[in-house]
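Read through the structure below, which is laid out as structure tokens, and then see the notes.
The values are calculated or read from the model by the stated rules, or taken from the named source; none is laboratory data. These figures come from a predicted structure and were not determined experimentally. A quick note on method: Cβ atoms are made from the backbone with ideal geometry, for glycine too, and the neighbour counts reach across all protein chains shown.
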Amino acid sequence: MTTIHDGTSHPDAWWRKAVIYQIYPRSWADANGDGIGDLPGITSRLPYLRDLGVDAVWLSPFYTSPQADAGYDVADYRDIDPLFGTLDDAKDMVARAHELDLRVIVDLVPNHSSDEHAWFQAALAAGPGSPERARYIFRDGKGPEGNEPPNNWKAVFGGSAWTRITEADGSPGQWYLHLFDPKQPDFDWNHSEVRAEFESVLHFWLDLGVDGFRVDVAHGLVKEAGLPDWEAEQELLGGTGPDDGQGPMWDQDGVHEIYEAWRRILNSYNTSGDSSQDRVMCAEAWVKPASRAARYVRQTEFHQAFNFDFLDTTWRAADLRDVIETSYAANDSVGAPTTWVLSNHDVVRHATRLGLPIDAPRPNGIGAEDAQPDAELGLRRARAATALMLALPGGSYLWQGEELGLPEHTTMPDDVRQDPTWERSGHTVKGRDGCRVPMPWEADKPSLGFGPSEQTWLPQPESYAALAVDQQTGDETSTLELYRTMLRLRRERALAGGSLAMATNTGEVVQVDITSAAGTTTVITNLGEGPVEVPEGATVLLASGPLDAKGDVPTDTTVWLG
Ligand code: GLC
Ligand code: CA
């Protein structure tokens, strides 16, 4: 056993240990039956999350938006889209969550706005060289007529990262940069008004009572001066991305001062010295290697950053041991917690991902004509992976429905797809709709209890009925009850704040000891073909799947031992 993380060196703050449940507002609960989830729906279902045992919720965007990227294209950062409700609904949701002892984290999308944002509309109207254009990244095109984009950057969703506009007088005009969809123009973060505006937006939501922010594309705000050409495909969301540096649009040193300013604002909301009052921010930063990503969680910047290396790790014991060790080394070096995650609204659900061949690259969506995953194997591994994750000291994020073992919808008809990836890639990349399907609550109700009508903005696969919340509740073998037990034991055994030692040379097994004031918990994940014996005298506190007839730990199973 080698100690690789010392939990006692950390102050006792909630965000270092929290389990945070991600809600995708469109797909969690629909109160009015229009087929799209909404804030009143969320508020009504919050007791479910208290009973599940999580500490906080993160909600993907619910702001005013034309929904070109499911709300990640914001037209008004201070208001709610009518699809989701009103500002009063948001206040009610926050109040109800707090009543239930759940903290609320909202999504902040600072890299780009919607093209329907008042500032972008003003920029279009005002013309080249105007102060209005300076808040975005407008450039003249290349070539004699300015017919070619200013550089060769590609958009994450496919196609060029530049779109040419038509000027107010009808002439072919300048080009603007969008790292994502053409309806998501990038802000110019060198502009002081952009900085001031987002600081004001932070205040708006903090004053409304939210506990923090998940910051979208946190590594993208600042671009390298001169916008130099960059050949590589943008692999932000599918695949692991190039290892040889990430290009002039990502992870520029200039982003950090933005977050230092934000951290000062967050800190100003808690001058009590009582860390239970901390307001926090979490970085979505697809940055490699871990040591580089750790710069975002220095004490003067983010509290947390998603550990996407963990999400990307293949189902091999050596790779898991490696990522666990590297993650603690990097985060501990800056005094930050490690924030584990296996699924979110951008990636194939881990119950499906882990049912694909181990060496296959992580796909960006799966369609009916693609090789289908082994659903049983995927779920078994997913339960084992989550049981490992939720034992590891630090925080964790859960993606809605993973507690039900939901698979990806891998046979969705192409004509209902809504992720811009599908269109922008010229129908070559399926995209993220398959993980965003509305939640099944009650097997016998219309839309499986998602809302009062049959309507759902994406179709639910047949397999979801048997996985509905009401079908799993009370069934000790269900994934939902496994999650409830894991979250309860994690708290009782104070795992999140513990110290971690890992056994070396354990072949196809990952074995860690987590020691806290509540004692030592041994966690064994068996990725090998044969069974692993439970050490003598140990009590099995929890198993991610059935033990074999001899009481040994079979393949693709995790146990917690006391
Ligand atoms: C982030 C979001 C993703 C969105 C993109 C553009 O990666 O998680 O859903 O499409 O940013 O805002
Ligand atoms: Ca609705």
* Please verify whether region 93-109 includes one or more residues that are surrounded by fewer than 23 Cβ atoms within 10 Å (Cβ to Cβ), closer than 30 Å to Ser499 by Cβ and either within 16 Å of ligand 2 (Cβ to nearest atom) or of a type in the set (A, V, I, L, M) (or both). => yes
* To do: Sort out which residues of region 398-429 are of a type in the set (Lys, Arg) and either in a loop (DSSP other than H, G, I, E, B) or free of Cβ contacts under 8 Å to residues at least 60 places away in the same chain (or both), and write them in order of number.
  => Arg417
* Asked: Of the residues that make up region 26-46, is at least one in a strand (DSSP E or B), free of Cβ contacts under 8 Å to residues at least 60 places away in the same chain, closer than 30 Å to Ala122 by Cβ and of a type in the set (A, V, I, L, M, F, W, C)?
  -> no
* Structure fact -> Residues of region 523-541 being buried (at least 21 other Cβ atoms within 10 Å of the Cβ) and of a type in the set (S, T, N, Q), in sequence order, are Thr525, Asn526
* Restricting the first residue to region 484-503 and requiring it to be without any contact (Cβ under 8 Å) to a residue 40 or more places away in the chain, which pairs with a second residue that is buried (at least 17 other Cβ atoms within 10 Å of the Cβ) meet a Cβ separation below 7 Å and a spacing of at least six or different chains? -> Ala494/Ser516
* Asked: How many of the residues making up region 339-370 are out of contact with any Leu (no Cβ under 7 Å at 6 or more places or on another chain) and either surrounded by fewer than 24 Cβ atoms within 10 Å (Cβ to Cβ) or in a loop (DSSP other than H, G, I, E, B) (or both)?
  -> 19
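Consider Ala134 carefully, then state whether it is more than 25 Å from the chain's Cα centre (by Cα) and either in a helix (DSSP H, G or I) or buried (at least 21 other Cβ atoms within 10 Å of the Cβ) (or both).
In short, yes.
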* Would you say Pro407 is modelled with pLDDT of 95 or more and either surrounded by 24 or more Cβ atoms within 10 Å (Cβ to Cβ) or aromatic (Phe, Trp, Tyr) (or both)? -> yes
* Asked: Does region 256-278 contain any residue that is assigned to a loop (DSSP other than H, G, I, E, B), touching a Phe, Trp or Tyr at 6+ places or on another chain (Cβ under 8 Å) and surrounded by 21 or more Cβ atoms within 10 Å (Cβ to Cβ)?
  -> no
* Matching residues in region 160-185 - criterion: being acidic (Asp, Glu) and surrounded by fewer than 22 Cβ atoms within 10 Å (Cβ to Cβ) -> Glu167, Asp169
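Inside region 536-555, can you point out the residues that are closer than 22 Å to Arg490 by Cα, part of a loop (DSSP other than H, G, I, E, B) and in contact with a strand residue (DSSP E or B) (Cβ under 7 Å, 6 or more places away or on another chain)?
Selection gives Ala538, Thr539, Ser544, Gly545, Leu547.
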* Which of the residues spanning region 504-514 are assigned to a strand (DSSP E or B), farther than 18 Å from Gly395 by Cβ and in contact (Cβ under 8 Å) with a residue 60 or more places away in the chain? -> Val509, Val510, Asp513
* Selected residue (criterion: farthest from ligand 2 (Cβ to nearest atom)) from residues of region 30-44 that are under 16 Å from Tyr464 (Cβ atoms) and crowded, with 24+ Cβ neighbours inside 10 Å -> Gly37
* To do: List every residue pair whose Cβ atoms sit under 6 Å apart, with the two residues 6 or more apart in sequence or on different chains, where the first one lies in region 73-90 and is within 19 Å of Asp30 (Cβ to Cβ) and the second, anywhere, is of a type in the set (Ser, Thr, Tyr) and surrounded by 16 or more Cβ atoms within 10 Å (Cβ to Cβ).
  => Asp81/Thr64; Asp81/Ser65
* Leu52 is checked against (1) of a type outside the set (Gly, Ala, Ser); (2) within 16 Å of ligand 2 (Cβ to nearest atom); (3) farther than 20 Å from His178 by Cβ and fails just one. What number does that condition carry? -> (2)
* Asked: With respect to Arg417, is the statement that it is within 16 Å of ligand 1 (Cβ to nearest atom), closer than 25 Å to Ala155 by Cβ and buried (at least 24 other Cβ atoms within 10 Å of the Cβ) true?
  -> no
* To do: Please specify each residue of region 423-460 satisfying the condition of being within 16 Å of Gly158 (Cα to Cα) and touching a Ser or Thr at 6+ places or on another chain (Cβ under 7 Å).
  => Val429, Gly431, Arg432
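Consider region 1-25. How many of its residues are in a strand (DSSP E or B) and more than 16 Å from ligand 2 (Cβ to nearest atom)?
8
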* To do: Kindly establish whether Asp69 is in contact with a Leu (Cβ under 9 Å, 6 or more places away or on another chain), buried (at least 17 other Cβ atoms within 10 Å of the Cβ) and at negative phi.
  => no
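Find the residue count for region 430-457, including only residues that are part of a loop (DSSP other than H, G, I, E, B) and buried (at least 20 other Cβ atoms within 10 Å of the Cβ).
Of the residues in region 430-457, 13 are part of a loop (DSSP other than H, G, I, E, B) and buried (at least 20 other Cβ atoms within 10 Å of the Cβ).
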* Asked: For region 77-121, what are the residues that are more than 23 Å from the chain's Cα centre (by Cα), within 16 Å of ligand 1 (Cβ to nearest atom) and either part of a strand (DSSP E or B) or polar (S, T, N, Q) (or both)?
  -> none
* Asked: Restricting attention to region 180-187, does a residue exist that is under 24 Å from Val287 (Cα atoms), away from ligand 1 (no atom under 16 Å from the Cβ) and in contact with a helix residue (DSSP H, G or I) (Cβ under 8 Å, 6 or more places away or on another chain)?
  -> no
* **Residues that are crowded, with 23+ Cβ neighbours inside 10 Å and under 15 Å from Ile165 (Cα atoms), drawn from region 115-131** => Asp115, Phe120, Ala123
